[in-house]
Protein chains: 2
Amino acid sequence: MTYCVGLKLSAGLVLLSDTRTNAGLDNISCYRKMFFFGNPDERVITIMTAGSLSVTQTTIARLEEAIEDELADETTSILKAPTMLRVATIIGNTLSRTRRDISDQFRDLKQQASASMIVGGQRRGGDMRLFLIYPEGNFIEATEDTPFLQIGEHKYGKPILDRVVTPATSLADAQKAVLLSMDSTLRSNLSVGMPLDLAVIERDACRVTTRRRILDGDPDFARMSAAWSAALRDSFVKVTI
Amino acid sequence: MTYCVGLKLSAGLVLLSDTRTNAGLDNISCYRKMFFFGNPDERVITIMTAGSLSVTQTTIARLEEAIEDELADETTSILKAPTMLRVATIIGNTLSRTRRDISDQFRDLKQQASASMIVGGQRRGGDMRLFLIYPEGNFIEATEDTPFLQIGEHKYGKPILDRVVTPATSLADAQKAVLLSMDSTLRSNLSVGMPLDLAVIERDACRVTTRRRILDGDPDFARMSAAWSAALRDSFVKVTI
C-alpha cells in the first residue's frame with residue numbers, strides 16, 4: 001500500500017509520501033514514490049505515485065524518455081508542455097497507456113494492474129496547480145473548497161486534514177498537518193512505512209523550496225508523534241458527554 | 001454502509017451503531033442495526049449488524065423463529081445455548097446459511113450478498129464476551145490486547161479507539177470514546193448516519209444497563225462533537241515540528 005498527500009495552499013504546495021512497497025505481506029521493500037522534474041526557475045513538477053510498482057516505474061520511465069527524445073515537443077514532454085493542465089494530460093495519457101499495456105500482459109491471470117498519481121507544480125507565469133490522476137488517465141484538481149488530494153490508504157489520515165487545512169494554512173502548519181495525517185496512517189496500516197519524503201514548493205518560486213527525507217527514528221518526527229498522542233489523550237479527558 | 005463498534009472492558013460492554021441503510025446513493029433509509037435478546041437476569045445478548053439488509057433481517061428473523069420454535073433446544077436457540085461461545089456459533093451458522101441462501105438467489109447476477117455481525121453478552125455464571133462474526137460464520141473475539149471490535153466503515157473511527165481504549169477504561173469514558181469514533185466516521189462517510197443506538201451492559205448485570213437513541217441534532221452529542229473539534233484544533237496549534 002501507499003499513502004501520499006498533497007496540499008495546495010495560497011502560500012504553495014506541500015507534499016508528503018511514504019516509501020513502503022509490498023507484494024504480499026512477506027515481501028516488503030522501500031521505493032521512492034515522489035519524483036521531481038523541472039527547468040530551473042521556469043517550471044517545477046512533482047509526481048507522487050500509488051499502485052502497482054511496475055505501472056508507476058514504467059510510467060515515470062516513459063515520461064523521462066519522452067523528455068529526452070530528440071523529437072520531444074509540447075504534446076509529449078512535460079518540460080515543454082505550455083501549461084500545468086497539459087502536463088497533467090501528458091502524465092494521464094502515459095499512465096493510462098502503461099496501465100493498459102501491463103494489464104494486457106496480465107490477461108490470462110484475470111488480474112489488472114493499476115496506479116494513480118498526484119501531480120503538482122507551476123510554470124513561470126502560470127498558476128500553481130495540483131491534480132489527482134486516476135488509473136484511466138482522467139484527473140481532478142484541488143480547489144479552494146477541497147485544498148488537499150490523497151492517494152493510497154487515505155482514510156485514517158483524512159479527519160485531521162478535514163479539520164485543520166484551508167487554503168490560508170501556512171506552509172509550516174501544512175507540513176505539521178500532513179505529518180500528523182501520515183502518523184495516523186502509519187499507526188493503522190502496516191503497509192504504509194517509513195522513511196517519508198516531504199517537499200514544499202513555495203508559490204511562484206518555480207523550484208522545490210524544501211525537500212526532506214524523514215528516516216525511521218527521526219527524533220523530531222518521534223517527538224511530534226508523541227506530543228500529538230499526549231494532546232489527543234488530554235483532549236479526550238477534557239471533552240464531556 | 002454502516003458503522004458499529006463494540007468494546008469489552010473490565011466494567012462491561014459498550015456498544016454503538018448507526019442506522020443508515022442505503023441501496024445506491026439515492027435510496028437512503030433508517031433501519032435499526034442493534035438487537036437485544038435475553039432472559040431477565042439470566043442472560044443478555046446484543047447483536048449489531050452490517051451488510052446486506054436482506055441478509056441481516058432474515059438472519060435476525062431466523063434466530064427469533066428458532067427461539068420461539070417448540071422444539072427449540074440448546075443447539076438451535078440462543079436463549080438456551082449453555083455458553084456465549086455456543087450463542088456465537090448458532091448466530092454464525094444462521095448468518096452463514098442465510099448468506100448462502102440469498103447468494104444462491106443472486107447466482108444469475110454474479111453477485112453475492114454478505115453481512116457481518118458483532119455479538120456481545122453474558123450468561124449468569126459465565127464470562128462476558130464479545131465476538132465479531134464473519135459472513136462465512138466463523139468468528140473472532142475481543143481480548144485484553146484488542147478490547148474493541150468494529151464492522152462496516154471502520155477506518156475513520158479507529159485512531160481514537162487505538163489511542164484511548166484499554167480494558168481498564170471506565171464505562172463513561174468508553175461511551176465518550178465510541179461516540180467520538182462515530183463522530184469522525186459520520187463526518188467522513190455520508191452512508192453512515194444518525195440516529196445512533198448506544199447500549200451499555202455492566203459486567204454481571206445480565207441485562208442492558210443503559211440504552212439510548214441519539215437523534216440527529218441531539219444537543220449533548222452536538223456539544224461533544226464541537227468540543228472535540230475545538231480540542232483537536234487547539235492540540236494542533238500546540239504540537240510543534
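The values are calculated or read from the model by the stated rules, or taken from the named source; none is laboratory data. Here the structure is a predicted model, which is why all the values come from computation and not from measurement. Here Cβ is always computed from backbone atoms with ideal geometry, including for glycine, and neighbour counts include all displayed protein chains. Remember, those area values only see protein heavy atoms, side chains included, never the ligands or the DNA or RNA. Shrake-Rupley method; radii C 1.70, N 1.55, O 1.52, S 1.80 Å.
The figures follow:
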quantity: Sole exception among (1) in a loop (DSSP other than H, G, I, E, B); (2) within 11 Å of chain B (Cβ to nearest Cβ); (3) among the hydroxyl-bearing types (Ser, Thr, Tyr) for residue A:146, by number; calculated: (2)
quantity: Answer from B:200, B:239 - the residue that is over 30 Å from residue A:223 (Cβ atoms) and touching a helix residue (DSSP H, G or I) at 6+ places or on another chain (Cβ under 7 Å); calculated: B:200
quantity: Any hit, the stretch B:183-197, residues being free of Cβ contacts under 8 Å to residues at least 12 places away in the same chain and either of a type in the set (Ser, Thr, Tyr) or facing another protein chain (nearest Cβ under 8 Å) (or both); calculated: no
quantity: Among the residues listed as A:6, A:12, the single one being on the phi > 0 side of the Ramachandran plot and open to solvent by less than 50 Å² (accessible area, probe 1.4 Å); calculated: A:12
quantity: Scan of the stretch B:183-204 for residues that are open to solvent by less than 20 Å² (accessible area, probe 1.4 Å) and aliphatic (A, V, I, L, M), ordered by number; calculated: B:192, B:196, B:198, B:199, B:200, B:201
quantity: Residues located in the stretch A:149-182, provided they are farther than 22 Å from residue B:225 by Cβ, within 7 Å of chain B (Cβ to nearest Cβ) and open to solvent by 10 Å² or more (accessible area, probe 1.4 Å); calculated: A:175, A:176
quantity: Search result, residues across the stretch B:94-136 that are buried (at least 19 other Cβ atoms within 10 Å of the Cβ) and assigned to a loop (DSSP other than H, G, I, E, B); calculated: B:113, B:128, B:135
quantity: Whichever residue in the stretch A:209-229 is farther than 15 Å from residue A:178 by Cα and open to solvent by 70 Å² or more (accessible area, probe 1.4 Å) and, among such residues, is nearest to the other protein chains (Cβ to nearest Cβ); calculated: A:223
quantity: Residues being out of contact with any Phe, Trp or Tyr (no Cβ under 7 Å at 6 or more places or on another chain) and surrounded by 11 or more Cβ atoms within 10 Å (Cβ to Cβ) - total across the stretch B:16-28; calculated: 5
